[in-house]
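The values are calculated or read from the model by the stated rules, or taken from the named source; none is laboratory data. Note that the structure is a prediction, hence the values are computed from the model and not measured. Every residue, glycine among them, receives a Cβ derived from its backbone with ideal geometry; neighbour counts consider all protein chains shown.
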Amino acid sequence: MAIVETSKLARMFESKTGSVVALEGVDLQVGEGEVFGLLGPNGAGKTTLIRILSTLLMPTSGNATVAGYDVATQPEKVRPIINMASGSERAGYEFISARGNLWFFSQLYGISSRVFRERVSALSSQLELDGYMDKKVYQLSTGYRQRMTIARAFINDPKVVFMDEPTIALDVMTARRIREFLANQAKESKRTIFLATHNMAETEAICNRVAIIDRGKILVCESPDYLKRKYGTPAFVMEVTPPPNSLDIFASIEGVKGVTSTLDEERGVARVKFVLENEEAVAKIINAAASKMKLLSSWRQEPTLEEVFVNLVGRGFAEREMETAG
Amino acid sequence: MYSRAWVRVQSTFGEPLWLAVNLAVPLLSSLAMALLYASAGISKYTGFAILGGIMLAFWGNVLWSMASQFNWDKEEGIFEIYLVSPAPITAILVGMSLGGILATVPSAALVALIGWVFFSASINPSWIAIFLTFILALASLYAMGMLMSSLYLAYGREAESLNSAFAEPINFLSGLYFPSIGIGSPFPFALQVAASLIPLTIGMDALRKSVFYAGNVAAVGVDLVILAVMAVVLLFLGDRALKALENRGRRQGTLVVRLR
């Protein structure tokens, strides 16, 4: 049963320069206990969708429900069972301890002090916040502050948690720790995590399904592996020496869609990347290389979600963000 | 409600600079006025100045910590946490008010202590009337602060300019340091009527009667009723305004300041 559903959801904003369509015809169904990724470049509509689902914003048309309650007309029914956190959030009273802040935010949900103590102890342990709970918020580093923010988002034992870029600007270890926490929460507590991000690695690491969004529209919605198999481009890479003068010997091989080469001058090695139509081309490539040069190493390169996006849209994230900003 | 009051108290006493400002502003203002009256030979008004300083502490808290708090919360991302939670916004504001009152008591007490020690103002109190007037004056002042906080939701940072623009005229009209209505008022009748629309004016007048002229409950009864009505009406209007502005913000997409 879907816990989050949208049907032809749309949102338009009026500005001095005209109307901006932030979301258009969004149809989604997210199940209980799912880690659902919403992947797209900046300005794609991810935050707008999260704001609608978390009752901060009304849709212009269409509808959305959380646990069967309409987010536009029944926000009072939705709010007790959701929570949200954002990576750019600085929410917290600076001169109060992390524990004090979490206690205050727990009171917004009417949680008793006994239940609060149990929950904060578990969350603190899972997020490795022990030892920092009694520090004032201004004394916490960015990483620990974000861990506190994540703890806040789970303090009311929500059924659905909306996360908007939760690991942005965090170091690798902290980001990994948070991802592990989110994945465990979904698996063990059957909590639905709705994760908006433009971080491919994050999406591939923990999301059961991913919706790729661009210019307010959902392009596809499937598991990361399925998307990569269907829309990604597998590649074969080899390092050879001496670097080939021309790539024509490879380009003409049946099954090779494209070939590029980069040169490591210091080592005198060329890294040649092949975009393949089929796996049978690999053996032919190796034979062709062996006849003219020495093969140092080779490996398969899995398609990435960015390639999926490029294949669907025709542009990468960076180019799309520049277009949106322009 | 209780938790938001706790946050307000903790934050105020956790910020030494803010605490110092909270103590210094009403103290220096009232001492300046008291010295002015004393040097002009109007010693009976030095007590008025000290009483004004006590109420200025609370009025300043209403203006700068209550009314503009939501704008600061919006900029810090805390306001959207309030909205996404099931807690009523009005309850949060009431908690903020209670916390604000508690956090301001030290400033007010310091003004009272220093003022009375240095100027030896004579008082003729009716304590029950003082207590009731004080409670109802604060209730109506903070209810006004709740209504003003809805302006901040609507206009954001522009409302800070409104705050600055209105602070001094209200301080002047409300009679913080001299009677602005009734006996002793230098204002024409029409201006006195306008000044009477401000809860602080009614509160100050009733407090002067009960502190300096032994005005008992009967003597300030009309003022008490007016303050009670103001508190209820302003609380009602504040609640309505907040709900209307929240809905407008949800429709227009202006509830959250930060854009990503």
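When the residues of region B:59-81 are filtered to those that are surrounded by fewer than 22 Cβ atoms within 10 Å (Cβ to Cβ) and among the small types (Gly, Ala, Ser), the one that is nearest to residue B:253 (Cα to Cα) is B:77. Among all residues of region B:35-48, there is at least one that is in contact (Cβ under 8 Å) with a residue 40 or more places away in the chain, more than 28 Å from residue B:238 (Cα to Cα) and hydrophobic (A, V, I, L, M, F, W, C).
Residues in region A:128-156 that are of a type in the set (Val, Ile, Thr) and over 17 Å from residue A:172 (Cβ atoms): A:137, A:149, A:155. Starting from residues that are part of a helix (DSSP H, G or I) and within 19 Å of residue A:81 (Cα to Cα), keep the ones in region A:29-57 and report whichever is farthest from the other protein chains (Cβ to nearest Cβ). Checked region A:29-57; the qualifying residue farthest from the other protein chains (Cβ to nearest Cβ) is A:49. Only a single criterion out of (1) closer than 13 Å to residue B:77 by Cβ; (2) surrounded by 22 or more Cβ atoms within 10 Å (Cβ to Cβ) is not satisfied by residue A:88, namely (2). Just a yes or no: is a residue in region B:237-255 away from every other protein chain (no Cβ under 14 Å), without any contact (Cβ under 8 Å) to a residue 12 or more places away in the chain and surrounded by 14 or more Cβ atoms within 10 Å (Cβ to Cβ)? Checking region B:237-255: not a single residue is away from every other protein chain (no Cβ under 14 Å), without any contact (Cβ under 8 Å) to a residue 12 or more places away in the chain and surrounded by 14 or more Cβ atoms within 10 Å (Cβ to Cβ).
Considering every residue within region B:158-169, establish whether at least one is touching a helix residue (DSSP H, G or I) at 6+ places or on another chain (Cβ under 7 Å) and either under 19 Å from residue B:124 (Cα atoms) or outside any helix (DSSP H, G or I) (or both). Scanning region B:158-169 turns up no residue that is touching a helix residue (DSSP H, G or I) at 6+ places or on another chain (Cβ under 7 Å) and either under 19 Å from residue B:124 (Cα atoms) or outside any helix (DSSP H, G or I) (or both).
Given the residues A:320, A:271, A:267, which is the only one that is of a type in the set (D, E, K, R), outside the structural domain of residue A:198 (by TED's automatic domain parsing) and modelled with pLDDT under 85?
Matching residue, one of A:320, A:271, A:267: A:320.
From the list A:153, A:122, A:169, A:183, the lone residue that is of a type in the set (Gly, Ala, Ser), in contact with a helix residue (DSSP H, G or I) (Cβ under 8 Å, 6 or more places away or on another chain) and either closer than 30 Å to residue A:276 by Cβ or at pLDDT 90 or above (or both) is A:183. Listed here are the strands (runs of 3 or more DSSP E) enclosed by region A:171-284 that have at least 2 residues being surrounded by fewer than 20 Cβ atoms within 10 Å (Cβ to Cβ) and small (Gly, Ala, Ser): A:256-264.
Taking region A:9-44, which residues are in contact (Cβ under 8 Å) with a residue 24 or more places away in the chain and exposed (fewer than 14 other Cβ atoms within 10 Å of the Cβ)? Selection gives A:27 alone. Restricting attention to region A:102-117, does a residue exist that is more than 13 Å from every other protein chain (Cβ to nearest Cβ) and of a type outside the set (A, V, I, L, M)? Yes. Residues in region A:304-316: is at least one hydroxyl-bearing (Ser, Thr, Tyr), touching a residue at least 40 places away in the same chain (Cβ under 8 Å) and out of contact with any Ser or Thr (no Cβ under 6 Å at 6 or more places or on another chain)? Scanning region A:304-316 turns up at least one residue that is hydroxyl-bearing (Ser, Thr, Tyr), touching a residue at least 40 places away in the same chain (Cβ under 8 Å) and out of contact with any Ser or Thr (no Cβ under 6 Å at 6 or more places or on another chain). Looking only at residues of region A:58-101 that are facing chain B (nearest Cβ under 7 Å) and charged (D, E, K, R), we find that the one that is nearest to residue A:157 (Cα to Cα) is A:79.
Evaluating residue B:87 against the criteria (1) touching a residue at least 24 places away in the same chain (Cβ under 8 Å); (2) within 24 Å of residue B:244 (Cβ to Cβ); (3) among the small types (Gly, Ala, Ser) leaves one unmet condition, (1). Would you check which residues across region A:58-102 are farther than 21 Å from residue B:69 by Cα, of a type in the set (S, T, N, Q) and part of a loop (DSSP other than H, G, I, E, B) and list them? Passing the criteria: A:60, A:73, A:74.
Summed over region A:115-143, residues that are without any contact (Cβ under 8 Å) to a residue 40 or more places away in the chain, hydroxyl-bearing (Ser, Thr, Tyr) and assigned to a helix (DSSP H, G or I) total 4.
Looking across region B:84-94, the residues that are crowded, with 20+ Cβ neighbours inside 10 Å and at the interface with chain A (Cβ under 9 Å from one of its Cβ atoms) come down to B:84, B:85, B:87, B:92.
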